Amino acid sequence: MGKDSSWEFKIFGPFRIKRTKEGNPIQKNALTSIFEDEAKGLGEQIGCYIFGKRASQGITPWYVGQTTKCFKGEIATPANIVKYNNTYNRAHQHGTPVMFFLAHPRKKGPNNKNFIGQLERYLIQRAYEKNPKVENKQGIFDPDWRIGGFFGKGKASSKEVKAFKSLMGW
């Protein structure tokens, strides 16, 4: 039986977060201005969000969160601003802070908080796989074993690894 595609989350971003030169580089007004400028209407939606940093090597995830109330209120809480600044400072302030949003589909009836929670856990796992220093680690799967050349460290260019990735849809 196939999955219900009506629960497909929509991706928005990356949205650049403006930094300040003095004090903590990421401030509340820089976060909430995303919804006034580039993403009108998105601030009232719900779902998951990812704070990351764009640099020459691509975008690295640093924090994954969820909200069942609204993005605008959740991403700019004092506790989250501290997390963003801690991770930004820990990464030596190189790169541009960005935010992605995965919006919950609009439907009649109550929001599916279960699906939002599932998505957050999935995104935390994937963020951890790319960046083991990601801020939140609850629920991650980090086994003591590795798959040589693919899961963990090692060469990922062999024919066998490429074929295995194709087999698994990775």
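The values are calculated or read from the model by the stated rules, or taken from the named source; none is laboratory data. Keep in mind the model is a prediction, meaning the values are calculated, not measured. What goes into the accessible areas is simple: the full protein's heavy atoms, side chains included, and nothing from ligands, DNA or RNA. Shrake-Rupley method; radii C 1.70, N 1.55, O 1.52, S 1.80 Å.
Some points to look at:
- Segment 1-145 - Debye-derived log10 I(q)/I(0), Cα point model, q = 0.14, 0.21 Å⁻¹: -0.66, -1.38
- Surface composition of the chain: carbon and sulfur atoms hold 52% of the protein heavy-atom accessible area at a 1.4 Å probe.
- Solvent-accessible area per residue, Å², over segment 1-140 with all protein chains present [probe radius 1.4 Å]: 58
- Expected 222 nm ellipticity per residue - DSSP helices of 4 or more, -39500 (n - 2.57), all of the chain, to 500: -9000 deg cm²/dmol
- Kirkwood-based shape ratio for segment 27-102, expressed as Rg/Rh from alpha carbons: 0.95
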